[in-house]
1. Out of the residues in the range 328-366 meeting the condition of being among the β-branched types (Val, Ile, Thr) and out of contact with any strand residue (DSSP E or B) (no Cβ under 9 Å at 6 or more places or on another chain), tell me which one is farthest from THR460 (Cα to Cα).
2. Tell me the helices (runs of 4 or more DSSP H) entirely within the range 98-203 that contain at least 1 residues that are without any contact (Cβ under 8 Å) to a residue 60 or more places away in the chain and among the small types (Gly, Ala, Ser).
3. Starting from the range 2-31, take each residue that is farther than 24 Å from VAL441 by Cβ and in a loop (DSSP other than H, G, I, E, B) and list its partners that are hydrophobic (A, V, I, L, M, F, W, C) and modelled with pLDDT under 95, counting only C-beta distances under 6 angstrom and pairs at least six apart or across chains.
4. Can you work out which of the residues in the range 433-464 that are aliphatic (A, V, I, L, M), in a loop (DSSP other than H, G, I, E, B) and in contact with a Phe, Trp or Tyr (Cβ under 7 Å, 6 or more places away or on another chain) is nearest to PHE349 (Cα to Cα)?
5. Is there any pair linking a residue in the range 383-400 that is in contact (Cβ under 8 Å) with a residue 40 or more places away in the chain and assigned to a loop (DSSP other than H, G, I, E, B) to one that is surrounded by 11 or more Cβ atoms within 10 Å (Cβ to Cβ) and of a type in the set (Phe, Trp, Tyr), with Cβ under 6 Å and at least six apart or on different chains, and which?
6. How many of the residues making up the range 401-432 are assigned to a loop (DSSP other than H, G, I, E, B) and over 15 Å from ARG371 (Cβ atoms)?
7. What do you reckon, is SER92 surrounded by fewer than 22 Cβ atoms within 10 Å (Cβ to Cβ), of a type in the set (Ser, Thr, Tyr) and within 15 Å of TYR151 (Cβ to Cβ)?
Amino acid sequence: MSGSPTIIQGGMGVGVSSWRLAGAVSGLGQLGVVSGVALDQIFARRLQDGDPGGHMRRGVEKFPFQHLVERVWKAYYIPGGRAANQPYKRLSMPVKQSSPKIQVLCMLANFVEVFLAREGHDNPVGINYLEKIQFPHLSSIYGAMLAGVGYILMGAGIPLKIPDVIDRFINHESATYPLAVTGAGEADDTTLRFAPREFMERDLPPLERPKFIAIIASNTLATTMVKKTGGRVDGFVIEGPTAGGHNAPPRGKLQLDESGEIIYGERDSVDLEKIRALGLPFWLAGGYASPEKLREALAAGAKGVQIGTAFAFCTESALREDYKRALVEQAVARKAHVRTDPLASPTGFPFKVAQMEGTISQDDVYEERTRICDLGYLREAYKTPSGRIAYRCPSEPANIYVAKGGAIENTVGRKCICNALLAAVGLPQMREDGSIEPSIVTSGDDLTEIERFLSPGRLTYSAADVISKMTGA
């Protein structure tokens, strides 16, 4: 890849954009992006499944600190894989100061995912994080940088402090990040800390600085990132409300249509003239997966487009094969529907949900599930009356959430998307009663247009088909 990519493959779901998909896209000369969300869980579960194909072992062999690898491997690897009725080990949930064991796991998991995505080609690979999931930021970013990640992309929040973190990790210096804590005052210690040299087993040369791309949905946020960040911002992905995953809340009063979906208006559109005036590269996302929309983006001054949904359903995607086939069949039959759910995500951000039988897009499926929060990535940190920091999630049992000071109305319609997204990539937890965690599939509105990437008579397509269709190559 010379210069900026024309196509950025979106970092999707929990594990949907895995190393295999990102590697395929980058190998074709565009920017492949792995999802950095919950990689510690994914890595630990792959090891407990016996490391099919030996890919995790191949990755860890290149990690610079092998004593750390030995500890992780001993803790999670099961030769031949766990028994069919054996639950995955529960990791300790993320907290303000995670244990060294969890920090090492995050660091190693991010390293391996990026390393594997970089195999077989010389082009950059990116990694995508959600600012809302702050607990693992520091150890995750350092692990990705150790593997030579070329781009770090972040949305779902205001990532003002990330460029400074990147700059400090270049020389393996300690870094901090402010944790959002409800009810905390200026005198309260809400700072996350990570010191690479506490884990380094030998000195390393300085790391290459990855480019930092902020994913934004407003001119205000773009301007804030340029003027107030502590380091360099290298560009923006401007994401509209038709994109999959978490969407930015609408500006102004929340309004719902007759089906209970969020209504977006003109105030939610980004003024591209103001973006161009900032002088940084930008890509457009959300409904841009067609040659016509790519030409439109380039004519507007963009470097190109970010595409998620089209890649989410291609053969290299880690989404369950039966889900891919079912939703592609729905799209071809003009029956596919993606709902912008205002309540599903514990974050309070609107969340795109593909409607499909057998998943928690169906209320009856989710109502059968016992409410539990045991992964904790989307928990809210809050200050207790005694002054300590505690954690709560509106998807946990309602009585527990209320006992922690949460409002009962916040629990209505909330779903455990942490567990459900892991289930969607074939890594569901088994419960003590023998039940299996149900799935959720997130997708952009462009799911209905997925047929444009299919050859006549076929229901599958590859990442190369997407790129070929978009570029005409």
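The values are calculated or read from the model by the stated rules, or taken from the named source; none is laboratory data. Only a predicted model underlies this, so the values are computations on that prediction, with no experimental measurement involved. In this analysis, Cβ positions are derived from the backbone assuming ideal geometry, glycine residues included, and neighbour counts consider all displayed protein chains.
1. From the range 328-366, those among the β-branched types (Val, Ile, Thr) are 328, 332, 338, 340, 347, 353, 359-360, 365; that's our starting set.
The next check asks that each one be out of contact with any strand residue (DSSP E or B) (no Cβ under 9 Å at 6 or more places or on another chain); those that pass are 328, 332, 365.
Working: VAL328: 8, VAL332: 11, VAL365: 28 Å.
Only one residue tops the list, namely VAL365.
2. Values: elements: 100-118, 137-146, 162-170.
Filter on the range 98-203 gives 137-146.
3. Pairs that qualify, where the first residue is farther than 24 Å from VAL441 by Cβ and in a loop (DSSP other than H, G, I, E, B) and the partner is hydrophobic (A, V, I, L, M, F, W, C) and modelled with pLDDT under 95, are GLY29/MET1.
4. Step one: of the range 433-464, the residues aliphatic (A, V, I, L, M) are 436, 440-441, 447, 450, 454, 459, 463-464.
Next cut, in a loop (DSSP other than H, G, I, E, B) only: 440-441, 454, 459.
Filter once more, so that each one left must be in contact with a Phe, Trp or Tyr (Cβ under 7 Å, 6 or more places away or on another chain): 441, 454.
Details: VAL441: 16, LEU454: 32 Å.
The residue in question is VAL441.
5. PRO394/TYR401
6. The first filter runs over the range 401-432 and keeps only residues assigned to a loop (DSSP other than H, G, I, E, B), leaving 404-407, 412-416, 425-429, 431-432.
From what's left, over 15 Å from ARG371 (Cβ atoms): 405, 407, 425-428.
Number of matching residues: 6.
7. The answer is no for SER92.
Rundown of residues vs (1) assigned to a loop (DSSP other than H, G, I, E, B); (2) surrounded by 14 or more Cβ atoms within 10 Å (Cβ to Cβ); (3) touching a helix residue (DSSP H, G or I) at 6+ places or on another chain (Cβ under 8 Å); (4) not small (Gly, Ala, Ser), yes/no style:
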site	(1), (2), (3), (4)
VAL305	no, yes, yes, yes
THR315	yes, yes, yes, yes
THR347	yes, yes, no, yes
LYS352	no, yes, yes, yes
SER361	yes, yes, no, no
ASP364	no, no, no, yes
THR370	yes, no, no, yes
LEU375	yes, yes, yes, yes
